[in-house]
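Notes to accompany the following structure.
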Amino acid sequence: MLSTPRPSDCRVTVDFATGMTQLRTHLLARMRVVLMLALLLWLPPAANAQVIEATEARIEYQDGGFELAASFEFDLPPALEDALHKGISLYFAVDFELTRPRWYWFDDKPVNTSRSVRLSYQPLTRQYRISTGGLQLPFSRLKSALQFIQRVRGWRVFERNAIKPGESYHAQVRMRLDLSQLPKPFQINAVNTRDWNLASDWRRFVYTVPTDLNAVPTPVPVPAVPAPPPPASPPLPAPPAVPAVPASAPGAPAAAMDPRNTVFVQAASTALSPALLAQPALSASSQP
């Protein structure tokens, strides 16, 4: 005979079902954590982001204009070096901004300029070429070409009419790899690859414009260096002795002193004597 179910039996069934549900949920959570740990151990470590470090930045006043002098340090990632050797040109952009803060309005930005430097490789000549503006320079090594890119010198960023003398401005400069100059397939690949995101943080500094820009610094006199004494010349050799000329014949040549010419000289003297020249010439009738 079937027994009538009691409320206690129903309570035990409900408690058992709830416990099984909680146990299943706990096991699934544990399995999920184990799978995530296994996935993290299986994946290779992510590559560190390549960055450019700005080590120096200053403004110099030269010939009525203001030039930027900056230095950067970075290493070219293997992916970029491989693309360079395959014929892909890399463009490095240097951005410069000059800002004057204003408490009553938005900051004034009188200068916002950029300069691009192109780095390419010539497989036939095995040379690296730098192009910026109208300047082109060849390099035999990649390291030398990168050192030229990392040093910014003589770049005129603004003129005198863009600023006010005596005012303080906030300047900032950075260098980055210009991805917009790459071919379209490489631009898509650069979005997902951190090796292609090569850039530096903004290097910020305060620049105060000199009050008198027309003042020319007085050159420091350089002390004159005495010239070294000339070296002593060796004594000249004595000239050879000249034989004395007889007083009777001053200025006579040396050939006249030869004894063989003595008879000829005496005969010529006798023929030209005054006594013989004063005698009249004999006529033809008086000749025997």
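The values are calculated or read from the model by the stated rules, or taken from the named source; none is laboratory data. The model shown is predicted, which means the values in this text are computed figures rather than measured ones. For neighbour counting, all protein chains shown are included, and Cβ atoms are generated from backbone atoms with ideal geometry for every residue, glycine included.
Annotations
- Unmet criterion (only one of (1) over 27 Å from Arg100 (Cα atoms); (2) of a type outside the set (Phe, Trp, Tyr); (3) crowded, with 17+ Cβ neighbours inside 10 Å) for Val152: (1)
- Selection from the range 91-110 of residues that are touching a helix residue (DSSP H, G or I) at 6+ places or on another chain (Cβ under 6 Å) and buried (at least 17 other Cβ atoms within 10 Å of the Cβ): Tyr91, Phe92
- Neighbours by Cβ (under 9 Å, 6+ apart or cross-chain): first from the range 178-195, acidic (Asp, Glu); second assigned to a loop (DSSP other than H, G, I, E, B): Asp195/Ala47; Asp195/Ala49; Asp195/Gln50; Asp195/Pro77
- Test: residue in the range 183-193 that is at pLDDT 85 or above and either surrounded by fewer than 13 Cβ atoms within 10 Å (Cβ to Cβ) or not hydroxyl-bearing (Ser, Thr, Tyr) (or both): yes
- Qualifying residue in the range 55-75 (condition: surrounded by 10 or more Cβ atoms within 10 Å (Cβ to Cβ), more than 30 Å from Val206 (Cβ to Cβ) and modelled with pLDDT of 85 or more): yes
- Within the range 194-238, the set of residues being modelled with pLDDT of 80 or more and under 30 Å from Gly166 (Cβ atoms) comprises Asp201, Trp202, Arg203, Arg204, Phe205, Val206, Tyr207, Thr208, Val209, Pro210, Thr211, Asp212.
- Of all the residues in the range 110-142, those that are more than 22 Å from Arg174 (Cα to Cα) and among the small types (Gly, Ala, Ser) number 2.
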